[in-house]
Amino acid sequence: MSPSSKPTSSSGTIRVRIRRFDPTVDAVPRFEQFEVPAKPLMRIIDVLDCVHEDLQVDIGYRWLCTSKKCGTCAVKVNGTPKLACWDEALPDMTVEPIDNVPVVRDLVTSRAEYQDMLARVSPLLVRKRDYPGFPEPITETQFASTVHLRDCIQCLACQSACPVFAQKDSGFAGPAILVQLSDLAQDPRDDADRADLADRVAQVFKCVSCYECERVCPTEIPIVGEAIEPLKRIARRSGASSGARRARAFWEIARDEGMVNGAKVALRAGKSGLGALALGFRLWRRGKISFASVFGKGGSGSDAVRRAHQASEKRP
Amino acid sequence: MNRRYAYFPGCSAKGTCQELDVSTAAVANRFGIELSPLENPGCTGAREFRAISELVHLTANGRIIAKAERMGRDLVVVCDTCLLNLVEANAKLKADAEWRRAVNDALSAEGLEFKGTIAVKHFLWVLTDDLGPDVLRKNIVRPLRGLKVAPFYGCHIQRPVAAHGSRAEEKPALDRLCELLGATVVQYEGASRCCGFHVVAAEEKIALNMSGSHLGNAKDGGAHCVVTPCPLCHTVFDAYQPDIERAKNRSLGLPILHVSQMVGLAIGLSAEALALSRHVVECGDMLAHIPQASGAA
Amino acid sequence: MVEEVEVVETDVLVIGGGAAGANAAVKAADQGARVVLVVKGLLGKSGCSIFASHIPYHDISTEQKSRDRLAYAIRYYNHYLTDQEYCKRASVYMRTEFFVELERLGIYWRRDGDKLNATAARTPTLVAHKQGASGVLIMDKRRRQIFDRAIPVYEECAVTSLLQDNGRVVGATVLDLQRGRFFAVSAKAVVLAAGHSDYLSTRSTGTREQSADGVAMAIRAGAEVANLEIQWWHISDVLAPKSWMRYHIYPNPLMGTEETSRVYNSDGEMFFEQKTHNPGTSAPYIHQLRLLAQQVKAGKARWDGGYYSGFTHIPADTVLKYQHQAKIWGKLGLDVGKDLLECGITWHMRQGGINVSTERMESNLPGLFIAGGLGAHYLGGVGPSSYDGKVAGESAAALAAESSKPAMPRAMLDAEQRRVFGFLKADSAGVRPMAAKLRIRELMWELGYVKNEQKLNAALDGIVAVREQMVPKFGLQSASRAWNTGWMDALDACSMIDATEAMVRSALLRKESRGPFYREDYPYVDNENWLRKIILTRDGNEWKSRTEPYALPYLKPEKSREPFFEADF
């Protein structure tokens, strides 16, 4: 047999614009452009290494494991968060720090806020039952639902892309925290009140389900479906937040009537006040809602779906 | 040739966005597309069923698909979120025999069975793919020349990639449709981002911040209107626009069109037929940018 | 310029945030000590502990099994240059505490159904991650333990020197790399756990912040270093892209199978497969190296490429199921079932290190404890390093409990501050410190695996030239204190110079070949004369050396002398 490999010839140069910003000196960020020789299979970090080692420019960046384990080299490339050590270098690229975190210098961002939030959601398993000894009687099936969550390297690419986390005063902990919290919350050995942590501290119901986090996740974790929705499932019944109340109202109406009316959900979830009245009036004036649609019964629904609801209530 | 589909309008098109249902029917009618509504279809669950249980999510959506299968037709939807729920459930139930059995056990009482024989499509795809650009082009009687349109895609027609595959690149398709109809596409930051609908009822500020920034960018890009394939995005952008204007402290006055309304305008349907008057944001100024429309309407 | 320096006071200072340092911090805190942890990178993210993949899970329930376990550690991993009593204690720790503690903390050791998913091979291993990697999850748990105990952690802070009062180690000087703040930690006991994976060669598994600071600062403080000449080289590491040289194509059996990767020369002839060429041992790396050396000699491979490794002989599904590295094929657009990857050798880790008395993990300097791969007592690894961390952390806490507050050696502190800030000057005409780092790596790469006296002397001259001709001319691009990579490089370069000089001097002294250490001018394993520890110390500019024999209570080599290429360890 003859060994095969991807062609290792590659020519030309890579043009890279790096955002430079030293908060101790600079008033505003600037972009500096460099050209480095293109080499076969180059990753983004190879280009940064070239700028630092060969051109000997003191750009600030992180290089730790360079093998998709430490999750500290995430940067934005042409606007999208990428893992510098994992993703291919582009012939023409603009490299910036990831969003929604303070910049230390150039591409280096602070992880302190993330770690503080992680500490707040009780990041270790809480055992109230005795540990039965090694190996404890657990099975692969019990951990199947979280197998992808354990791929998380906490690179914070998802937090960079999250439109809710981007709003500083939103109170939303962000997808990376929810992945960690969900892994614990779904662990059959864990006895902490993860429902309360998810609802009140991490504020999971503020997730808009936009899937931006999944789009940029370098380890391809189905964050919405396998981390966030299971957390909502756990927090829905007891949650006191407006999001949890709304989820409960939606669920009740959907279960009882089959179809759902948004205004009715809002009303049952306790939405009131002048803003809601103004909105209601606005919609009513254009024929978008009517008295009957809000206060009448929407429909009869389906027995099959109702039974599924009942079964789910028994088996959370 | 008549194209026949099973049709699931969803709660918005039957409730707060009836103009979507009306305009979809009008456009379908013009192209000889037969859309047969399902009887008592229920709800795909928005973002909630999947957060209740996989069983509820798959039963509710499997049931809707099974109803379409009984008609022997592909299923057409007009809402991004319904689309995602149905596409994901369809794929899951086709691939996973165990779930299929569980869902079919539940559905048997209603005489339904999920067999996995049909596709789920957005009405946009029916127009761009099934009907195709040539047929569309032939039917244009009022090219939208002069109209600057900001396409807004909505999340669930593009993401997650696992559900939509190559469809994840929906952005160019809607851009192409606008261009085909003669409109100028406004490129702006936010076109494929999130409108915030799924938290607007509980966390209005978060949602309006997001939608406000997209609408602001579209406006800054010179848009006369926004077009969207999703009634949920429409609701945030249109019904909440006065609130957005207040939150962002700027006037926008951006009419929000459903895809079917935009197509309808280009193929000569009247503002009445497209129920443009049911929008919160008036469409009058926008129509004035379509030269042929101002006289014909 | 000497500025007022803040002094952080504590009982135990732990330097290093890998498996050894993190566990030392936890265990010292659990003894009631006040602990401060200083990490050059990020706790549980930098260093090599996160690279741990399959972790040996040896059965030691019978005399024979226990002996097999010791053979693995003593013969194949340390070539008899280890403390055998320590190996025994560490093996008991691994079996009875390591996995247990981590499982209790919440690590899910993979099951196959309801049974532990251990490899069926001669060396059973456990993994925590679905595709074979474990280190990321283990270190994440340690990190959380430390946050949970509210132990103060100074991340991205480089220790630049050990502080001493009358010979006793009483703390360290620290440079905060993010902000450029220089401060000192005053401690009753210090645990140094700076690791064994150095980026000292052009191709290296160690990452850039791993500039052998631990070895260098210990040498400067007068600590004894031992067997520094022995480095492990791995042959099955990805050639390109360059940054992926630390992706390793595992030579051991794939999880759940007896299958192993194969290595082919440039003619497509397979020259290494563990189950064919090395079935009796569980340490294929040494054997691989010798076989590659023969291929290079025959012109059928180069040290940096021209040979290939992969899994084309087994179904792709088998690889994809448990091997995290299978993903790299996909990312490079290759098919793991059809394509091979071109490889090069890398300097994987240092076997020698600081001379340690393993009962309490003490160095020869009072107050200084050593844990993990930095020590010369054992090769390293996430399990033994965790054991070291426990012993060192508890010993340091015990010493701290019986010690009073140490004096702060002001003169030393001021001198170190002057040294560190001496590099912080912008000078467009200066030598960039990175150039010195590249030169050191180049020298060690050229020295490589095949050593002889002439090459060693040339390397020594080269290192001295870097120290004398480049360092005094260092000039940075900017004098900013915020994450100034040039400034970091200047400090790194000094460590690298001191450490590599000691390595080359130690290599000149060992007149035999052993394990991954090959001198073509002494191509035999000489157990009669060289089953000895080579110990170096530096006093000012004077190097002193001595050797010590090893006690061999459990295992002895069969032959007093055998040709290097015929030995199996």
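C:Met349's amide H: which non-local residues (gap 5+, or another chain) put their own amide H closer than 5 Å, with H modeled 1.01 Å from N in plane and none for Pro or chain starts?
Distant-sequence amide H within range of C:Met349: C:Trp232.
Which one of A:Val216, B:Trp99, C:Ala28 has its Cα pushed farthest toward the positive end of the charge dipole of the protein assembly as shown, where Lys and Arg give +1 and Asp and Glu give -1 at the Cβ?
With unit charges placed on the Cβ atoms, the residue in question is B:Trp99.
Go through the range C:56-151 and name the trypsin sites (Lys or Arg not before Pro) that are in a DSSP coil and have 13 or fewer other Cβ atoms within 10 Å of their Cβ.
Sites meeting the loop and neighbour criteria: C:Arg149.
Using only Cα atoms, tell me the angle between helix A:274-285 and the longest principal axis of chain A; keep it within 0 to 90° and round to the nearest 10.
Result, in degrees: 80.
With unit charges on the beta carbons (Lys and Arg positive, Asp and Glu negative) and the dipole taken about the Cα centre of the protein assembly as shown, which residue among B:Ala25, A:Gln186, A:Cys73 sits farthest to the positive side?
Looking along the dipole axis, the top candidate is B:Ala25.
What FRET efficiency comes out for C:Asp267 versus C:Asn457 if R0 is 41 angstrom and r is the Cβ-Cβ distance? Round to the nearest 0.05.
After rounding to 0.05, the efficiency reads 0.70.
Hey, got the average number of other protein chain Cβ atoms within 10 angstrom for residues in A:41-54?
That average works out to 4.
Nearest 500 deg cm²/dmol is fine: what mean residue ellipticity at 222 nm does chain A get from its DSSP H runs of n ≥ 4 alone, each adding -39,500 (n - 2.57), divided by its residue count?
Calculated from helices alone, the mean residue ellipticity at 222 nm is -8500 deg cm²/dmol.
What is the dipole size for the range A:242-314, taken about its Cα centre, with +1 at each Lys and Arg Cβ and -1 at each Asp and Glu Cβ, in debye to the nearest 20?
Here the size comes out at about 280 debye.
Out of all DSSP beta bridges with both ends in chain A, state the antiparallel percent to the nearest 5.
Expressed as a percentage, antiparallel bridges in chain A total about 80.
About its Cα centre, how strong a charge dipole does the range B:3-123 have in debye, to the nearest 20, once Lys and Arg get +1 and Asp and Glu get -1 at the Cβ?
Dipole about the Cα centre, nearest 20: 300 debye.
Could you work out which residue, out of B:Ala201, B:Ala60, B:Ala275, moves most in a Gaussian network model of chain B, that is, has the largest mean-square fluctuation with Cα springs under 10 Å?
Result: B:Ala201 has the largest fluctuation of those listed.
Which residues' amide hydrogens lie under 5 Å from the amide hydrogen of C:Val8, considering only partners 5 or more residues apart or on another chain, with H built in the peptide plane?
Under 5 Å from the amide H of C:Val8: C:Ala184, C:Val185, C:Ser186.
Quickly rank C:49-61, C:464-476, C:206-218 as a protection proxy: mean count of other C-beta atoms within 10 Å, highest first.
Ranked by mean Cβ neighbours within 10 Å, highest first: C:206-218, C:49-61, C:464-476.
Just need the relative contact order of chain C here, percent rounded to a whole number, with Cα pairs under 8 Å and 6+ apart.
20
Only four residue types carry charge here, +1 at the Cβ of Lys and Arg and -1 at the Cβ of Asp and Glu. Report the dipole size of the protein assembly as shown about the Cα centre in Debye, rounded to the nearest 20.
The calculated dipole for the protein assembly as shown is roughly 2100 debye.
What's the center-to-center distance, using Cα atoms, between the range C:276-336 and the range C:531-569 in Å?
Cα centroid of the range C:276-336 versus Cα centroid of the range C:531-569: 31 Å apart.
Quick check: the angle from helix A:303-314's long axis to the longest principal axis of chain A, C-alpha only, nearest 10 degrees?
The helix A:303-314 is inclined about 70 degrees to chain A.
Between B:Glu110 and B:Ser277, 0.36 nm times their residue separation minus their Cα-Cα distance comes to what?
56.1 nm
Using amide H atoms built in the peptide plane, which far-off residues or other-chain residues are under 5 Å from C:Thr160 H to H?
So C:Thr160 has HN proximity to C:Thr173, C:Val174, C:Leu175.
Report the net charge of residues surrounding C:Leu531, where surrounding means a beta-carbon distance below 10 angstrom and charges are Lys +1, Arg +1, Asp -1, Glu -1.
Residues close to C:Leu531 contribute a combined charge of +1.
Considering the convex hull of the alpha carbon atoms of chain C, report its projected area averaged over all viewing directions, in nm², one decimal.
Computing the convex hull of the Cα atoms and averaging its projections yields 24.8 nm².
Which of the residue pairs A:Lys168/A:Lys206; C:Lys188/C:Lys390; A:Lys271/B:Lys205; A:Lys206/B:Lys248; C:Lys297/C:Lys451; B:Lys115/C:Lys130 have a Cα-Cα distance greater than 24 Å in the structure shown?
B:Lys115/C:Lys130
Hey, what did the range B:3-123 get for relative contact order, percent, Cα under 8 Å, at least 6 apart?
Here the relative contact order equals 30 percent.
Which whole-Hz ³J(HN,Hα) couplings does the range A:35-52 yield from phi under the Karplus relation 6.51 cos²θ - 1.76 cosθ + 1.60, θ = phi - 60°, glycine and proline marked x?
Each residue's phi maps through the Karplus curve to give 10, 10, x, 6, 10, x, 6, 3, 9, 4, 5, 5, 5, 5, 4, 4, 4, 6 Hz.
Select from A:Ala292, C:Tyr76, C:Ala411 the residue farthest towards the positive end of the dipole of the protein assembly as shown; place +1 on Cβ of Lys and Arg, -1 on Cβ of Asp and Glu, and compute about the Cα centre.
Result: A:Ala292, furthest along the dipole toward the positive end.
Let me check I have the definition right: for the range B:145-279, take the eigenvalues of the Cα gyration tensor, multiply each by 5, take square roots. What are those semi-axes in whole Å, largest first?
Each semi-axis is √(5λ); the values are 22, 19, 14 Å.
Return the whole-Å distance between the Cα centroid of the range C:469-499 and the Cα centroid of the range C:360-387.
One Cα centre to the other: 28 Å.
Apply 1/(1 + (r/R0)^6) to the Cβ-Cβ distance of A:Trp284 and A:Ala144, taking R0 = 35 Å, and write down the FRET efficiency to the nearest 0.05.
Plugging the Cβ-Cβ distance into 1/(1 + (r/R0)^6) gives 0.10.
Among the Cys residues of chain B, which have no other cysteine Cβ under 4.7 angstrom away?
Here B:Cys11, B:Cys17, B:Cys43, B:Cys178, B:Cys225, B:Cys283 come out as lacking a disulfide-compatible partner, given the Cβ-Cβ threshold of under 4.7 Å.
Below 15 angstrom from the Cβ of A:Gly12, what's the summed charge of the other residues (Lys, Arg +1; Asp, Glu -1)?
Taking every other residue near A:Gly12 into account, the sum is -2.
What's the percent breakdown of Cα-Cα distances in the protein assembly as shown across 10 Å bins, shortest bin first?
2, 9, 17, 20, 18, 14, 10, 7, 3, 1, 0
Based on alpha-carbon centroids, what's the gap between the range A:85-151 and the range C:234-259 in Å, whole number please?
25
In whole Hz, what ³J(HN,Hα) sequence does the range C:431-444 give by Karplus (6.51, -1.76, 1.60; θ = phi - 60°), x for Gly and Pro?
Listing the rounded values in order: 7, 6, x, 4, 4, 5, 5, 4, 5, 4, 4, 5, 4, 6 Hz.
If I model the range C:419-566 as equal point scatterers sitting on the Cα atoms and use the Debye formula, what is log10 I(q)/I(0) at q = 0.13 Å⁻¹?
At q = 0.13 Å⁻¹ the computed log10 ratios are -0.70.
In degrees from 0 to 90, rounded to the nearest 10, what is the angle of the helix C:284-297 Cα long axis to the longest principal axis of chain C?
80
Please give the direction-averaged projected area of the C-alpha convex hull for chain A, in square nanometres with one decimal.
Mean projected area of the Cα convex hull: 25.3 nm².
Step by step: find N for the range A:242-314, compute 2.2 N^0.38 Å, then divide the Cα radius of gyration by it. What's the final number?
Dividing the Cα radius of gyration by 2.2 N^0.38 Å gives 1.22.
Taking other Cβ within 10 Å of each residue's Cβ, how do C:Leu43, C:Leu491 sort, fewest first?
C:Leu491, C:Leu43
Local charge sum around B:Glu98 (other residues, Cβ-Cβ under 15 Å, Lys/Arg +1, Asp/Glu -1)?
+1
Using the Karplus curve 6.51 cos²θ - 1.76 cosθ + 1.60 with θ = phi - 60°, work out ³J(HN,Hα) for each residue of the range B:174-189 in order, rounded to whole Hz, and write x for Gly and Pro.
These are the phi-based 3J(HN,Hα) values: 6, 4, 5, 4, 4, 5, 4, 7, x, 7, 9, 7, 8, 8, 8, 6 Hz.
Cysteines without a disulfide-compatible partner in chain A, using Cβ under 4.7 Å as the rule?
A:Cys50, A:Cys73, A:Cys85, A:Cys152, A:Cys155, A:Cys162, A:Cys207, A:Cys217
Taking neighbour Cβ counts within 10 Å as the exposure measure, how do A:Lys206, C:Lys188, C:Lys559 sort from fewest upward?
Least to most surrounded, the residues fall as C:Lys559, A:Lys206, C:Lys188.
Remind me, relative contact order of the range C:425-480 in percent, using alpha carbon pairs under 8 angstrom and six or more residues apart?
About 70 percent, as a whole number.
Where a number appears in this text, it was derived from the coordinates with a stated rule and is not lab data. As the structure is a prediction and not an experimental result, all values here were calculated from the model. We place every Cβ from the backbone using ideal geometry, glycine too, and count neighbours over all the protein chains shown.
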